[in-house]
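The values are calculated or read from the model by the stated rules, or taken from the named source; none is laboratory data. Keep in mind that what you see is a predicted model, and the values were worked out from it rather than measured. Every residue, glycine as well, gets a Cβ built from its backbone with ideal geometry; the counts of neighbours run over all protein chains shown. When the accessible area is computed, the model is the full protein with side chains, heavy atoms only, and any ligands, DNA or RNA have been set aside. Shrake-Rupley method; radii C 1.70, N 1.55, O 1.52, S 1.80 Å.
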Amino acid sequence: MKILKRILFAAGTVILLLGACTNGVQAQVPVLIKDEAFKDHARQAIDSLYNRNSEAALDILSPWMDQYPDHPMWDLWEGMQYWWYVLQDLPGTEYDEAFFTKMKEADFEAGRVLRRSPDHPDALIVRAVSNAYAARHNSNRENWITSMNLGRRAFQAHERLVEVMPDLPDNDFAEGLKKYYSAYIPENYPVVRAVSWFLPEGDYEEGLRMLRIASENGIFARPEASYFLGYILLNYENEYEDASFIFKDIVESYPDNGYYRRLYARSLIQMDKYSEAREFALETISYWDSLGPQAEFYTVLREEIFHWLGRAYYHTGEYRLALEAFITSYRAGLDLPNRREREFHTFSAYFAGRTNELLNNPESAKRYYLATLEQRAAEEAIDRAKERLDRL
């Protein structure tokens with residue numbers, strides 16, 4: 001299931017970013033992608049969306065929405081706004097229904113255009129993107145059949161789009177991901193080799209080269225190309241320094257995006273950069289606290305960022321500070337929905353127990369280990385908590 005998620009994640013994101021970058025219309029509605037002014041405004045709007053300023057994004061796009069109210073792109077744009085709510089707190093399900101509904105509406109509106117003009121590029125994009133988003137999130141919810149069907153629908157629209165618009169500026173992002181993962185998946189997941197014939201020809205170096213081009217020169221796909229390039233370099237290529245620079249640049253470009261801040265803190269811990277992780281976590285906590293509890297996903301960010309702060313202290317032997325951070329993270333999780341499905345609630349409970357042990361507080365350690373056992377997420381931490389309890 002994990003490999004299926006990765007495949008859907010990569011394929012879905014390829015298509016969704018292609019969609020975010022090209023916007024057109026039908027017989028009565030002009031093809032916006034040919035309008036340089038629209039392209040410039042769309043890039044600004046996407047940057048605002050990624051920096052979690054939806055109001056600014058809508059202000060930029062509103063003149064176009066008012067002028068062309070029947071364009072199918074606007075339903076997709078609303079869906080993208082919901083996607084960011086979904087993405088920032090995957091254990092939560094509050095926005096699932098609205099997200100799926102809006103993506104279905106976007107696909108329907110695209111279909112109305114395609115019935116009159118089967119090769120309309122904007123409608124192909126909206127169909128590809130809306131279904132790719134929906135497929136990706138259905139995979140998050142382990143709705144595998146639905147995810148596969150939606151993914152197939154997205155892929156078909158995307159394949160036609162490539163034929164209709166072969167010179168799309170951000171194609172390097174899509175092709176880079178396709179080439180890299182087509183090489184990586186069969187080599188690293190033997191179970192896939194038997195059916196690897198359906199994958200296009202893979203090429204590690206060419207894939208990375210194209211991702212770099214997209215991350216530097218792409219207009220609409222640049223943020224996602226940068227993220228995937230950093231993710232691949234960190235997790236698959238072991239090029240930690242390059243990955244660190246990329247993630248840092250993403251955070252600096254989108255400072256109000258808590259999701260990227262959490263990813264950067266995680267990457268610093270993965271790279272054993274504990275001092276940098278500590279300083280970055282403290283800066284993020286200070287910044288979010290200055291925004292107040294009304295800040296977007298305030299508690300979600302605190303749950304994870306305090307966990308990484310605790311890990312930074314833990315790995316440098318500052319156990320009392322680590323324990324304080326782990327407990328703060330654990331308590332934040334108590335206020336979040338679907339608590340038992342939250343990995344960081346599990347991890348923070350386990351590390352609070354482990355740190356209490358190191359501080360010679362066995363009774364407190366037991367309480368947190370027992371709290372770990374109540375969870376359903378992060379099986380490794382649950383198994384370790386069982387082992388520690390047996391020793392105590």
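Things to note:
- For region 283-298, filtering for residues that are modelled with pLDDT of 95 or more and open to solvent by less than 60 Å² (accessible area, probe 1.4 Å) leaves 2.
- Residue list for region 251-271, filter: closer than 10 Å to TYR50 by Cα, more than 12 Å from the chain's Cα centre (by Cα) and part of a helix (DSSP H, G or I): SER253
- Residue list for region 187-208, restricted to those being modelled with pLDDT of 75 or more and either outside any helix (DSSP H, G or I) or surrounded by 15 or more Cβ atoms within 10 Å (Cβ to Cβ) (or both): GLU201, GLY202, ASP203, TYR204, GLU206, GLY207, LEU208
- Hits in region 92-132 - residues which are open to solvent by 40 Å² or more (accessible area, probe 1.4 Å) and either in contact with an Asp or Glu (Cβ under 7 Å, 6 or more places away or on another chain) or more than 16 Å from VAL31 (Cα to Cα) (or both): THR93, GLU94, TYR95, GLU97, PHE100, THR101, LYS104, GLU105, PHE108, GLU109, ARG115, ARG127
- Some residue of region 297-317 being without any contact (Cβ under 8 Å) to a residue 24 or more places away in the chain, hydroxyl-bearing (Ser, Thr, Tyr) and under 14 Å from VAL251 (Cα atoms): no
- Counting only helices (runs of 4 or more DSSP H) wholly contained in region 1-98, the ones carrying 3 or more residues that are over 23 Å from ILE145 (Cα atoms), at pLDDT 90 or above and not basic (Lys, Arg) occupy 36-50, 54-67, 73-88.
- When residues of region 37-61 are limited to those that are buried (at least 19 other Cβ atoms within 10 Å of the Cβ) and in contact (Cβ under 8 Å) with a residue 60 or more places away in the chain, the one farthest from the chain's Cα centre (by Cα): ALA42
- Among the residues of region 349-392, those identified as out of contact with any His (no Cβ under 9 Å at 6 or more places or on another chain), closer than 16 Å to LEU334 by Cβ and not in a helix (DSSP H, G or I) are GLU374, ARG376.
- The numbered conditions (1) buried (at least 21 other Cβ atoms within 10 Å of the Cβ); (2) farther than 30 Å from ILE125 by Cα are all true for PHE247 except (2).
- Pick from region 302-342, criterion among the acidic types (Asp, Glu) and surrounded by fewer than 20 Cβ atoms within 10 Å (Cβ to Cβ), ranking: nearest to ASN140 (Cα to Cα): GLU341
- Of the residues making up region 149-169, those that are within 19 Å of the chain's Cα centre (by Cα) and over 14 Å from PRO121 (Cα atoms) are LEU150, GLY151.
- Qualifying positions in region 294-350 - within 20 Å of the chain's Cα centre (by Cα) and at positive phi: PHE297, ASN338
- Here GLN294 passes the criteria (1) over 23 Å from GLY353 (Cβ atoms); (2) of a type in the set (S, T, N, Q); (3) in a helix (DSSP H, G or I) except the one numbered (3).
- Qualifying position, being at pLDDT 85 or above, among the aliphatic types (A, V, I, L, M), in a helix (DSSP H, G or I) and open to solvent by 40 Å² or more (accessible area, probe 1.4 Å), among ILE213, ILE232: ILE213
- Residue in region 108-123 that is within 20 Å of GLN81 (Cα to Cα), among the aromatic types (Phe, Trp, Tyr) and at pLDDT 90 or above present: yes
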